[in-house]
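Values in this text are rule-based calculations from the coordinates and carry no lab data. Here the structure is a predicted model, which means the values were calculated and not measured. Every residue, glycine as well, gets a Cβ built from its backbone with ideal geometry; the counts of neighbours run over all protein chains shown.
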Protein chains: 2
Amino acid sequence: MRQTTPPRRSDCPISYALDFVGDKWTLIVLRDLIIMRKQHFRDFLGADEKIASNILASRLKLLEAAGMLSRRRDPAHARQVIYEPTEKGLDLLPSMLELVRWSAKYDSRTAAPPALVRRIAEDRDAYIAEIRSLAKEAKTATRK
Amino acid sequence: MRQTTPPRRSDCPISYALDFVGDKWTLIVLRDLIIMRKQHFRDFLGADEKIASNILASRLKLLEAAGMLSRRRDPAHARQVIYEPTEKGLDLLPSMLELVRWSAKYDSRTAAPPALVRRIAEDRDAYIAEIRSLAKEAKTATRK
DNA sequence: CTGTATCCTTAGGGATACTG
DNA sequence: CAGTATCCCTAAGGATACAG
């Protein structure tokens with residue numbers, strides 16, 4: 001399993017982004033973290049795509065090392081770990097939403113809630129702001 | 001080398017997009033096709049990332065099968081083939097630009113021309129329109 | 001519950017030679 | 001020029017068991 005970012009192939013910004021998300025799993029984990037607002041290891045494990053526990057662990061580690069998410073113990077349940085997106089992770093939301101829009105346009109079987117798709121098309125920036133504020137809220141709520 | 005799209009893992013739109021661009025090379029080829037406006041096999045081969053000819057051929061085939069680009073013979077030079085993005089391919093431009101924006105923000109070494117980065121930040125839609133119109137122009141120009 | 005540790009398979013990819 | 005055809009190898013990924 002991959003534990004480090006591969007060496008950069010060029011100084012192109014697209015290539016740079018691919019060094020992080022150019023595989024089958026990283027964006028799935030980020031989707032669950034940011035859009036689905038999952039917080040616990042078990043939640044990610046339950047995704048429809050059936051990610052294996054070792055793959056999930058390696059991706060969480062990679063994303064943490066890349067500064068895309070942070071980990072901390074749940075203050076209430078000491079055995080649980082809470083994953084939260086960082087600013088750098090949240091900043092990938094626009095890219096993800098454009099991919100959602102693209103898929104919704106070309107794949108009829110794609111199962112994004114129509115309301116979400118409409119929001120992304122008409123009111124993307126407000127949706128991004130909402131996700132960001134929810135993330136900030138969750139962080140302060142569980143911290144105190 | 002991969003010749004067909006892998007079976008879909010779920011009906012999630014992000015997962016669907018990853019079925020196409022969830023690897024290290026496909027988006028690089030699309031970048032060259034759409035943003036760099038490359039048209040010939042040799043142009044793609046010359047990219048900084050040093051793609052191998054068999055990988056390139058498999059990606060071009062895959063993208064054609066997916067309806068993201070079209071191939072045709074150059075009417076002037078019968079031995080040459082011209083690749084052009086389709087509507088479906090061009091529609092990935094917004095996603096690519098968001099990735100460029102993200103990389104430009106977090107990677108100081110990223111080599112997007114500053115003017116391009118600024119345009120994407122301030123005037124993304126106009127840039128997209130420009131690329132689209134250039135693509136359409138090229139198509140009609142070489143067809144007649 | 002949150003991960004590690006193994007084992008194993010396969011597919012993705014690099015190098016290179018070659019063809020119409 | 002525009003690809004194919006091979007060979008080879010590694011890393012990515014799946015399954016499963018188990019540990020703190």
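What the table below lists for this structure:
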read-out	value
Residue in region B:39-48 that is loosely packed, with under 12 Cβ neighbours inside 10 Å, within 30 Å of residue A:68 (Cα to Cα) and not aliphatic (A, V, I, L, M) present	no
Hey, residue B:123 out of contact with any Leu (no Cβ under 9 Å at 6 or more places or on another chain), more than 16 Å from DNA strand D (Cβ to nearest atom), on the phi < 0 side of the Ramachandran plot and not β-branched (Val, Ile, Thr) or not	yes
Whichever residue in region B:66-97 is buried (at least 20 other Cβ atoms within 10 Å of the Cβ) and among the small types (Gly, Ala, Ser) and, among such residues, is farthest from the other protein chains (Cβ to nearest Cβ)	B:89
Subset of region A:50-65 that is surrounded by fewer than 18 Cβ atoms within 10 Å (Cβ to Cβ) and more than 10 Å from DNA strand C (Cβ to nearest atom) - its residue that is nearest to residue A:17 (Cα to Cα)	A:65
In region B:6-49, residue nearest to the chain's Cα centre (by Cα) [restricted to those that are more than 9 Å from chain A (Cβ to nearest Cβ) and among the charged types (D, E, K, R)]	B:32
Residue identified as in contact with a Cys (Cβ under 7 Å, 6 or more places away or on another chain) and of a type outside the set (S, T, N, Q) among A:104, A:138, A:115, A:111	A:111
Sole exception among (1) more than 12 Å from DNA strand C (Cβ to nearest atom); (2) closer than 18 Å to residue A:99 by Cα for residue A:47, by number	(2)
Residue list for region B:98-111, filter: surrounded by 21 or more Cβ atoms within 10 Å (Cβ to Cβ) and assigned to a loop (DSSP other than H, G, I, E, B)	B:110
Out of B:130, B:137, sole residue that is surrounded by 12 or more Cβ atoms within 10 Å (Cβ to Cβ), part of a helix (DSSP H, G or I) and among the acidic types (Asp, Glu)	B:130
Single condition residue A:96 does not satisfy, out of (1) over 16 Å from residue B:16 (Cβ atoms); (2) more than 9 Å from DNA strand C (Cβ to nearest atom)	(1)
Close pairs (8 angstrom Cβ cut-off, 6 or more residues apart or separate chains): without any contact (Cβ under 8 Å) to a residue 24 or more places away in the chain in region B:84-96, of a type in the set (A, V, I, L, M) and surrounded by fewer than 19 Cβ atoms within 10 Å (Cβ to Cβ) anywhere	B:88/B:66
